[in-house]
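**Q** Take a look at the following structure, please.
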Amino acid sequence: MKVPRMLTLVLSLSLLGNAGVFANSIWGDYEGFSKVKMVVNNVEQQFKDGEAPAFLIKGNAVFPVRELSDSLQSLVRWDNAKNTVSIYKPNVHMFVAEKVNEDYSIKSPFGKVPKGKKIDFAVFAQVDSLKTPFYSFKISIDSPSGDQAAPAHEKIVNGAKENFWYPWSFSVPFNEAGEYVIKFSIKLDESSDYTVISQKVIVSE
């Protein structure tokens, strides 16, 4: 079940006095509270009409859980019966290599490729501390223009799997200059959306 839009997380940031007045004068009000501009990794987070934005209350900054968790690449599970939100941040490490031995030892890792070259390579994902059951995970690669650079690979788990390694082979023509983004995403429930929890970049130039 998706987290309700109005569900928020309070983070105590010691934003008192003039800071609250300053934020109010620039960003406006929300339900009588001063709005806060939310920036993650130098990217300003945008809120749609009807969504609760970030705001100040009694010197604390309040952020929407869904927006914050997506920005920090975390998983959110909402328990409606217990009125409880749980946030999970597993450790996911990815690396890529052109040559891999039968025992999965790496021979030719890389992170930069010449533009125009087609490369067959393996993506390795190492996952640990995944403290909640989930339905499936997916490895995908986006081109600099935002298109899918190769068919995504999806694996159904439908249960608990706290620690695991997973390799998968891809064949990608690096026809564009810029950053190709490898994404590791998890779907908590069959009916829910995928959430990106780790990214790795390959630079084509």
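**Q** Hey, can you find the accessible area per residue of region 59-176 for me, probe 1.4 Å, expressed in square angstrom?
**A** Working: 6320 Å² over 118 residues.
Solvent-accessible surface per residue comes out at 54 Å².
**Q** Hey, another quick one. Quick check for me: using +1 on Lys/Arg Cβ and -1 on Asp/Glu Cβ, what's the dipole size of region 66-205 about its Cα centre, in debye to the nearest 20?
**A** Values: 17 positive and 18 negative charges, 40 e Å.
Dipole size: approximately 200 debye.
**Q** Scaled to the compact-protein estimate 2.2 N^0.38 Å, what is the alpha-carbon radius of gyration of region 150-205, rounded to two decimal places? Don't skip to the end; give the middle numbers.
**A** Details: Rg = 13.8 Å, N = 56, 2.2 N^0.38 = 10.2 Å.
For region 150-205, the normalised Cα radius of gyration is 1.36.
**Q** Would you compute, from DSSP H runs of 4+ residues alone, the mean residue ellipticity of the chain at 222 nm, taking -39500 (n - 2.57) per run and dividing by the full residue count, rounded to the nearest 500?
**A** Mean residue ellipticity, 222 nm, calculated: -2500 deg cm²/dmol.
**Q** Using amide H atoms built in the peptide plane, which far-off residues or other-chain residues are under 5 Å from Ser136 H to H?
**A** Distant-sequence amide H within range of Ser136: Val157, Asn158, Lys187.
**Q** With the full set of protein chains in place, find how many percent of the accessible area of the chain is carbon and sulfur; take the probe as 1.4 Å.
**A** Working: 5730 of 11900 Å².
Whole-percent figure for carbon plus sulfur exposure: 48.
**Q** If you don't mind, another one. Seen from all sides and averaged, what is the projected area of the convex hull of the Cα atoms in the chain, in nm²?
**A** On the way: hull surface 56.8 nm².
For the chain, the mean projected area of the Cα convex hull comes to 14.2 nm².
**Q** In the chain, if the dipole is taken from +1 on Lys/Arg beta carbons and -1 on Asp/Glu beta carbons about the Cα centre, which of Phe164, Phe95, Ser191 is farthest to the positive end?
**A** The listed residue farthest towards the positive side: Phe164.
**Q** Hey, another quick one. Return an integer: the convex hull volume of the alpha-carbon atoms of region 42-121, in Å³ per residue. Could you put the intermediate results ahead of the total?
**A** Numbers: hull volume 18.3 nm³, N = 80.
About 229 Å³ per residue, rounded to a whole number.
**Q** When the chain is treated as a GNM, springs tying every alpha-carbon pair under 10 Å, which of Asn163, Asn91, Asn83 comes out with the largest mean-square fluctuation?
**A** Looking only at Asn163, Asn91, Asn83, the biggest GNM fluctuation is shown by Asn83.
**Q** Which of these, Leu188, Leu75, Leu56, has the largest mean-square fluctuation under a Gaussian network model of the chain (Cα springs below 10 Å)?
**A** Leu56
**Q** Between Gln45 and Val196, what length in nm is gained on full extension when 0.36 nm per residue of separation is reduced by their alpha carbon distance? Mind showing how you got there, number by number?
**A** Working: separation 151, 0.36 × 151 = 54.36 nm, distance 1.61 nm.
Length difference between fully extended and current span is 52.7 nm.
**Q** A further question follows. Using 1/(1 + (r/R0)^6) with R0 = 45 angstrom and r between the beta carbons of Lys131 and Asn175, what's the FRET efficiency to the nearest 0.05? Intermediate results must be reported in sequence, preceding the final value.
**A** Working: r = 40 Å, r/R0 = 0.89.
The pair Lys131/Asn175 has a calculated efficiency of 0.65.
**Q** In nm, to one decimal, how far is the Leu72 label point from the Ser86 one, both placed 7 Å along Cα→Cβ?
**A** For Leu72 paired with Ser86, the spin-label model returns 1.7 nm.
**Q** Short version: ³J(HN,Hα) in whole Hz for each residue of region 89-97, in order, from phi by Karplus 6.51 cos²θ - 1.76 cosθ + 1.60 (θ = phi - 60°), x for Gly and Pro, what are they?
**A** 10, x, 8, 10, 10, 10, 8, 10, 8
**Q** In a Gaussian network model over the chain where Cα atoms closer than 10 Å are linked, find which of Val76, Val39, Val92 has the largest mean-square fluctuation.
**A** In the Gaussian network model the winner is Val39.
**Q** With r as the distance between the Cβ atoms of Lys37 and Glu98 and R0 = 45 Å, compute the FRET efficiency 1/(1 + (r/R0)^6) and round to 0.05.
**A** Values: r = 43 Å, r/R0 = 0.95.
E between Glu98 and Lys37, to the nearest 0.05, is 0.55.
**Q** What's the longest piece of the chain with no exposed trypsin sites (Lys or Arg not before Pro), counting a site as exposed if DSSP puts it in a loop and it has at most 15 other beta carbons within 10 Å? Let's see the in-between values first.
**A** Working: sites that count: Lys2, Arg5, Lys37, Lys48, Lys58, Lys82, Lys99, Lys107, Lys115, Lys117, Lys131, Lys161.
The segment 162-205 is the longest one with no such site.
The values are calculated or read from the model by the stated rules, or taken from the named source; none is laboratory data. These numbers were taken from a predicted model, which means no experiment stands behind them. For neighbour counting, all protein chains shown are included, and Cβ atoms are generated from backbone atoms with ideal geometry for every residue, glycine included. Heads up: the accessible areas ignore ligands, DNA and RNA and are worked out on the full protein's heavy atoms, side chains in. Shrake-Rupley method; radii C 1.70, N 1.55, O 1.52, S 1.80 Å.
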